[in-house]
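Structure record follows, encoded as structure tokens.
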Amino acid sequence: MIGKLRVVNSLTREKEVFEPLNPPHVGMYVCGPTVYSDVHLGNVRTFMSFDVIYRYLQFLGYKVRYVRNITDVGHLSDTGEDKISKKAKLESLEPMEIVQKYTNDFHQVMHTFNLLPPDIEPTATGHLMEQMEMIQELVDNGYAYESNGSVYFDINQFSDKFEYGKLSGRKTEDMLNQTRELDGGSDKRNPLDFALWKKAAPEHIMRWNTKWSDGFPGWHLECSVMSTKYLGEEFDIHGGGMDLKFPHHECEIAQNAGSKGKDGAKYWMHTNMLTVNGTKMSKSLGNSFLPHQLISGDHELLERGFSPMTIRFFMLQSHYASTLDFSNEALNAAQKGYMKLANGLRLIKSYEYPAGGQEDINQKQADQINKICDNCHHAMNDDFNTALAIGHLFNLVKKVNSIQAGQLKLEEIGQETFDRMKTTFISFAEDILGLRLESEISSQNLLDVILEEYKSAKEAKNYDKVDELRAKLKSEGVIVKDMKTGIDWAFEES
């Protein structure tokens, strides 16, 4: 590891040297999707950012346990509806059919964009017993109370000992002034109190029987339960989108502190929002598009579709904590950039240092290449700055192109520098940034070209060429068939 890894901690608002609680082990928890609708691009950006963080920590040699939950109960707020139940009613399906359908879709989208699966992917419904246990801990500790079959977190009691709002920077007094009139008629003692357990209305589908009521858990509870169950009362990283900072993550900290006496995570990290042509991406504004629309181009705001790796490259061109603006111009530029990087990757993979070919070293060139390799590490060590890392990879592409053009010989930089350049390029492009070579070349079109060449060779009675092409195709499992109607092919039946 070249230099120390530094991360911006949302809790302290400072860039801190990353020091795991129990090195070399690292625990990372990321709030996963609520599976009642299609995955939106904000989800993709968040999970892609933490995918790179996961990859880089592993690259550095840490043993990472990555936990990403599935919310299969619904976004349940004090007055909100269960969106999974609503979707089930609309589609005349069981809630768990909705859950399975959209969980499958979510996994497919993650695979499309080459995201590694988490080590553990727990569900809210699979941890109801643990949620009820945490509720009881909070009640026993004096930080929760039952009211008319529901159980609420007591902000006033909590604030006597702990600070509520320290993650988002909000003051309790200001929040009270903003919510008192809106929430004054509820069963809560305090408008800021949030639900740990909600008594179910008669029409509510997803419900479980407890000593408090026939009801369902509050939304914030599941992440406190599952993060501490799999990573411990104290763990390293907790992540999610910026929209989760308040109230979700704020409430998680309160639940963790109220039940365990500890905040949970040491480092809190958040990805920023998406915009389209400078305007916040929003379904209500009609300027949001789904991942499959971005790939197909089937949206009025898109001139055409873009490949999954172009989209991944585009997203990683911005730091995860920066706003990411979508436009046709930016996406077109990203495609050119991705193809430039992909061509460099393809070339460097094909290079081998010539045996016994050492010449006098061009120290200036060798130093430049080593400096670029160092800079790739420095960029990722600077709060996982993928944008800077990509810029340094383009500098390596220039060196690769110089080699390809014959302007720079491999022997001039020496085997040690060459090996480092090749390893760095491949490791950062594929293993860390998660980019893979894509090809839109049609195998059928290539086969047609070869068969046309075979036909021409046969007509010219160039039988050596005919035999050569036959042998090459056969090595790929394809046999040529000379038919009365013309040249055809078939898969070899071995």
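Miscellaneous remarks
- Residue count, the stretch 1-18 (criterion: more than 11 Å from residue 268 (Cα to Cα) and surrounded by 15 or more Cβ atoms within 10 Å (Cβ to Cβ)): 4
- Residue check for residue 396: touching a helix residue (DSSP H, G or I) at 6+ places or on another chain (Cβ under 9 Å), crowded, with 16+ Cβ neighbours inside 10 Å and hydrophobic (A, V, I, L, M, F, W, C): yes
- Some residue of the stretch 216-227 being within 28 Å of residue 12 (Cβ to Cβ), touching a Leu at 6+ places or on another chain (Cβ under 6 Å) and outside any helix (DSSP H, G or I): yes
- Pick from the stretch 216-255, criterion among the small types (Gly, Ala, Ser) and within 17 Å of residue 47 (Cβ to Cβ), ranking: surrounded by the fewest Cβ atoms within 10 Å (Cβ to Cβ): 241
- Residue within the stretch 182-191 that is assigned by TED's automatic domain parsing to the domain that holds residue 82, among the aliphatic types (A, V, I, L, M) and either modelled with pLDDT of 95 or more or under 31 Å from the mean Cα position of the chain (by Cα) (or both) present: no
- Here is the figure for the stretch 282-305: residues that are farther than 18 Å from residue 43 by Cβ and either of a type in the set (Lys, Arg) or touching a helix residue (DSSP H, G or I) at 6+ places or on another chain (Cβ under 7 Å) (or both) total 4.
- For the stretch 319-336, filtered to residues that are assigned to a strand (DSSP E or B) and hydrophobic (A, V, I, L, M, F, W, C), the residue that is nearest to residue 51 (Cα to Cα) is 324.
- Filtered residues of the stretch 271-309 (kept if in contact with a Leu (Cβ under 7 Å, 6 or more places away or on another chain), touching a residue at least 60 places away in the same chain (Cβ under 8 Å) and over 19 Å from residue 38 (Cα atoms)): 309
- Qualifying residue in the stretch 357-378 (condition: touching an Asp or Glu at 6+ places or on another chain (Cβ under 8 Å), closer than 25 Å to residue 17 by Cβ and at pLDDT 95 or above): no
- Residue among 384, 394 that is aromatic (Phe, Trp, Tyr) and part of a helix (DSSP H, G or I): 394
- Within the stretch 184-239, being under 22 Å from residue 121 (Cα atoms) and β-branched (Val, Ile, Thr) holds for 225, 228, 237.
- Residue within the stretch 74-81 that is assigned to a loop (DSSP other than H, G, I, E, B) and under 30 Å from residue 295 (Cα atoms) present: yes
- Residues considered: 149, 169. Of these, the only one that is touching a Lys or Arg at 6+ places or on another chain (Cβ under 9 Å) and over 19 Å from residue 255 (Cα atoms) is 149.
- Within the stretch 102-123, considering residues that are among the β-branched types (Val, Ile, Thr) and in contact (Cβ under 8 Å) with a residue 60 or more places away in the chain, the one surrounded by the most Cβ atoms within 10 Å (Cβ to Cβ): 109
- Filtered residues of the stretch 477-494 (kept if over 13 Å from residue 451 (Cβ atoms) and either out of contact with any helix residue (DSSP H, G or I) (no Cβ under 8 Å at 6 or more places or on another chain) or modelled with pLDDT of 85 or more (or both)): 477, 484, 485, 491, 493, 494
- Of all residues in the stretch 338-367, those satisfying the criterion of being assigned to a helix (DSSP H, G or I) and either surrounded by fewer than 17 Cβ atoms within 10 Å (Cβ to Cβ) or outside the structural domain of residue 423 (by TED's automatic domain parsing) (or both) are 339, 340, 343, 346, 347, 349, 350, 363, 364, 367.
- Restricting the stretch 443-475 to residues that are surrounded by 10 or more Cβ atoms within 10 Å (Cβ to Cβ) and of a type in the set (Gly, Ala, Ser) leaves a set whose member that is modelled with the lowest pLDDT is 457.
- The helices (runs of 4 or more DSSP H) falling completely within the stretch 124-211 that include 2 or more residues that are surrounded by 18 or more Cβ atoms within 10 Å (Cβ to Cβ) map to 128-140, 155-159.
The values are calculated or read from the model by the stated rules, or taken from the named source; none is laboratory data. Since we're looking at a predicted model, the values are computed, not measured. No Cβ is skipped: glycine too gets one built from the backbone with ideal geometry, and neighbour counts run over all protein chains shown.
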